[in-house]
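Everything on this sheet refers to the single structure shown next.
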């Protein structure tokens, strides 16, 4: 896994931190969330309990959604008292913002007081959760609200799984799909992301084919993900049809040319048998011209792929704008004419700081008073 040195939390995040959420000794204990039934069985036996308690604990964590071992009433009061300081690993909902279309955006406060975003996106037949993989993001994409806020640290496996359980509990409805398209670059946190995918599949019961991992592309890491032989969907945030434009929008593209990225994506298809989808944020008069559509079609010729066009959600920090509907439809048709499978994905919850990182940034400036975390 690539290592990224954690930076000091941005100043505007300070008001969203609780400086005494847990003692250092408590924070040193690895939470139970994210562990398999086998790992939980090993843990309970280490505590002197019979092995069958492991399956019971697994059910209480993943099906009943406990936040404290003291809630597990099938365990004796004496043993619950002995292990009650062992954290489950659940977050606290700091803020909840609901849009008229039913989309709910959450600010979740972690055990160290830092804040992440998660989004629940309902439809008639699905409940999709958009999860974060990092606190902030080091990629600094020019049009992204999260990238403008800087990077703090990677999320742990349990902090990723918790986002899904939180949304599922709040909606009182089973989650069907997961997209790693929230805060952060998942492939800079590959170890935790892969472990979270396996836990969400095996412990929460969500099919791997219902899980999408999005990346702007980190050299060598797409191949590494392919070697995990998972049945997830890989979504690559391309956002440009040529190297010059991509370097302008995504600083990391300086060291990862678009041709090398596409070669690695082809390797992914060959190794996994799974198609790659490409995300392309449409920015008015920047990457939405007819010549860009033709370049993009040429880039992807012969690829087992699908393109998601995403009309831009404007943020206050930059001047990029969303293209007109006519321009969006024209770009879409040009790709179709070249035989590229394409769809337009309009963002949900546009009224509520829809772009990733916007809600977190806006609430940071409002000096939200933190509450004690529930772990």
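Footprinting exposure proxy ranking of 292, 239, fewest other C-beta atoms within 10 angstrom first, gives 292, 239.
Show that you can apply the helix-only estimate: for the chain, add -39,500 (n - 2.57) for every DSSP H stretch of four or more residues, divide by all residues, and state [θ] at 222 nm to the nearest 500.
About -9000 deg cm²/dmol.
Do you know the relative contact order of the chain, to the nearest whole percent, from alpha carbon pairs under 8 angstrom that are 6+ apart? Provide the component values of the computation, followed by the final result.
Details: 736 pairs, mean separation 70.3, N = 375.
Across the chain, relative contact order equals 19 percent.
Computed on segment 24-83, with alpha-carbon pairs under 8 angstrom and 6+ residues apart, the relative contact order is 20 percent. Fewest neighbouring Cβ atoms within 10 Å first, the residues 98, 117 line up as 98, 117. Between the helical axis of 258-272 and the longest alpha-carbon principal axis of the chain there is an angle of about 50 degrees. If both residues of a DSSP beta bridge must be in the chain, then about 45% of such bridges are antiparallel.
Among 142, 263, the ranking by other beta carbons within 10 Å of each residue's beta carbon, starting with the fewest, stands as 263, 142.
Values quoted throughout were computed directly from the atomic coordinates according to the rules given, and no laboratory measurement underlies them. Please read these numbers as outputs of a predicted model, since none were measured by experiment. Neighbour counts are summed over all protein chains in view; Cβ atoms, including those assigned to glycine, are modelled from backbone coordinates with ideal geometry.
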